[in-house]
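Working notes, beginning with the structure itself.
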Amino acid sequence: MAYSTTVTRHRTREVGVDDHVVGGSNPIWVQSMTTTNTFDAEATLAQIRRLEEAGCEIVRVTVPKKEDVEGCKAIRDHIKIPLIADIHYDYRMALACLEARTPSGRRAVDKIRINPGNIGGEERFKEVVRKAKDAGVPMRIGVNSGSLEKDLIEKYGFPCPEAMVESALRHIETAESLGYKLMIVSLKASHVPTAVECYTQYAAKCDYPTHVGITEAGSKEYGTLKSAAGIGAILLRGVGDTIRVSLLGDPVPEIAAGFDILRACDRRVTQPEVVACPTCGRLDIDLERIVAEVEEKMKGLSNPLRISILGCLVNGFGEAKEADLGIAAGAGKGIIFKRGVPIRHVKEDEMVQALLQEVERFEEETKPL
Ligand code: SF4
């Protein structure tokens, strides 16, 4: 379904992270971060495999100690997706990661993430940049509202968007002065309006691709909603080349949440969207069951279909016009629509099966030759 309202994507350069190119017109990748000790390669591998199964496209691991660099070496040969080393405080861990090789001889990490504000000054940052340049390894410059440089806090009085953007631009300039351009940038804040403003201001000034997220978003339920509000607002401004939903606890639910946010914002649709009415007193059928069954059957499909399921004809006709397929249900029966045209009358107990048949037909008809 093509809508007339579209979002123009902020034009960014392309930065390769192993086989995933971030930026430009490439997909907005969904990534996550493990919660294990990276030195415990077995546990970290097990978690990364669960993330891969859930659809994670890039994964980050924490590297606070030398043993964790060893963990990266042990892990990288056994996973399919790019591995990112997350570095805080100790710039030597960044240097070690940039040198590290796996037993098969490949690089142990495909990208590093550093926060230049907390690794002990510009000279150390420069040393990391020089090494990354020599290695040809990309780097995320992760500016965080909680660790801005002192002079910027003094200048602005608070880690406001202007200060965050100035910090990012300052680090970019330093890296560029050394001839390094493989940068991806993040400007994370836990306060949604601040984060949205940071990315908006940044995008008006710079074209290195962005990693978007709302830091410390919180528990699974509220964190998902908060991330949807923040990441969604940023994506709808056309900004964002890779996203991470940060949730407390098991990272696996971050993946579905990331894809759902992309789909809801119509920025990357990788599976069908089922639109359903909230139901009300007009309802005469078991709509919840029907929607749940259809959603379950749609899992695993990669066709970006839009399917609307409505409890009556009040909005049914209008919604059905905007959907690829739809049902407007009534007392014990319903009408199936295809791109706004009624094509079948079905009984309630045949509704799901009939809709699935139409989905199959629709897929066949719209399959690329
Ligand atoms: Fe109620 Fe019909 Fe609207 Fe559903 S589509 S909420 S049943 S009026």
Problem set entry | Close pairs (8 angstrom Cβ cut-off, 6 or more residues apart or separate chains): under 20 Å from Glu360 (Cβ atoms) in the range 273-296, assigned to a loop (DSSP other than H, G, I, E, B) anywhere | Glu273/Pro304; Glu273/Leu305; Val275/Ala323
Exercise. Restricting attention to the range 271-283, does a residue exist that is away from the ligand (no atom under 16 Å from the Cβ), assigned to a loop (DSSP other than H, G, I, E, B), closer than 30 Å to His211 by Cβ and not hydrophobic (A, V, I, L, M, F, W, C)?
Worked result: yes
For this session: Kindly check whether there is at least one residue in the range 261-280 that is charged (D, E, K, R) and within 9 Å of the chain's Cα centre (by Cα).
Result: no
Exercise. Away from the ligand (no atom under 14 Å from the Cβ), over 20 Å from Val352 (Cα atoms), at pLDDT 90 or above and surrounded by fewer than 20 Cβ atoms within 10 Å (Cβ to Cβ), is that true of Ala264?
Worked result: yes
Exercise. How many of the residues in the range 214-236 are outside any helix (DSSP H, G or I) and at pLDDT 95 or above?
Worked result: 1
For this session: Please name all residue pairs, on different chains or six or more residues apart, with Cβ atoms under 6 Å, provided the first residue is in the range 333-362 and is within 15 Å of Ser308 (Cβ to Cβ) and among the basic types (Lys, Arg) and the second residue is modelled with pLDDT under 90 and surrounded by 15 or more Cβ atoms within 10 Å (Cβ to Cβ).
Result: none
Exercise. Has the range 329-346 got any residue that is within 11 Å of the ligand (Cβ to nearest atom), more than 22 Å from Ile261 (Cα to Cα) and of a type in the set (Phe, Trp, Tyr)?
Worked result: no
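The values are calculated or read from the model by the stated rules, or taken from the named source; none is laboratory data. Treat the numbers as computed from the prediction; the structure is a model and nothing was measured. Heads up, the Cβs are rebuilt from the backbone with ideal geometry, glycines too, and the neighbour counts pull from every protein chain shown.
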